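Visitor: Please find one structure pasted underneath; my questions will follow.
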Amino acid sequence: MESSFLDDRVANPAYLLVLVTGLTMAWWHWSYTTRWIAAAIVLYVVMLLFGLAVYSPALTRQIETLERDGPRSAAYRSAASRATTFGIAVMVPILAILLLMVTKPSL
């Protein structure tokens, strides 16, 4: 239950805050048609969709398997490995966005 609280009350609002502040800064200083900003927005949408469609269900299955079978079960280890792999995959677009923000390439 604690992780659900953290997701609902801390992490999810933070994702929205990052989007709103990023779009606001882009609007103030650049244009949404600037290629690196457009690429960052596309990557954010990809990350969001992947997180909602793949990572979140995998994390839910991991928690359910833990509660049902315990941390030493093969099913839990498999679910944990899958959720970890998907979690790392979610980080790839985030790191790409960070790279775009820092380097501001002309693309």
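Visitor: Of the residues that sit in segment 45-96 and are surrounded by 15 or more Cβ atoms within 10 Å (Cβ to Cβ) and of a type in the set (S, T, N, Q), which one is nearest to residue 14 (Cα to Cα)?
Guide: Of everything passing the filter in segment 45-96, 56 is nearest to residue 14 (Cα to Cα).
Visitor: Consider residue 28 against the criteria (1) free of Cβ contacts under 8 Å to residues at least 60 places away in the same chain; (2) surrounded by 15 or more Cβ atoms within 10 Å (Cβ to Cβ): it satisfies all of them except one. Which criterion is unmet?
Guide: With respect to (1) free of Cβ contacts under 8 Å to residues at least 60 places away in the same chain; (2) surrounded by 15 or more Cβ atoms within 10 Å (Cβ to Cβ), residue 28 is out only on (2).
Visitor: Among the residues of segment 36-77 satisfying the criterion of being hydroxyl-bearing (Ser, Thr, Tyr) and touching a helix residue (DSSP H, G or I) at 6+ places or on another chain (Cβ under 6 Å), which is farthest from residue 99 (Cα to Cα)?
Guide: Selected residue: 65.
Visitor: Tell me yes or no: at least one residue of segment 8-23 is surrounded by 14 or more Cβ atoms within 10 Å (Cβ to Cβ), among the small types (Gly, Ala, Ser) and touching a helix residue (DSSP H, G or I) at 6+ places or on another chain (Cβ under 6 Å).
Guide: Looking for residues that are surrounded by 14 or more Cβ atoms within 10 Å (Cβ to Cβ), among the small types (Gly, Ala, Ser) and touching a helix residue (DSSP H, G or I) at 6+ places or on another chain (Cβ under 6 Å), one finds none in segment 8-23, hence no.
Quick note: the coordinates plus some simple rules give every number you see, no bench work behind them. Computed from a prediction, not measured in an experiment: that's the story for all the values here. Note that we place each Cβ from the backbone using ideal geometry, even for glycine, and neighbour counts take in every protein chain shown.
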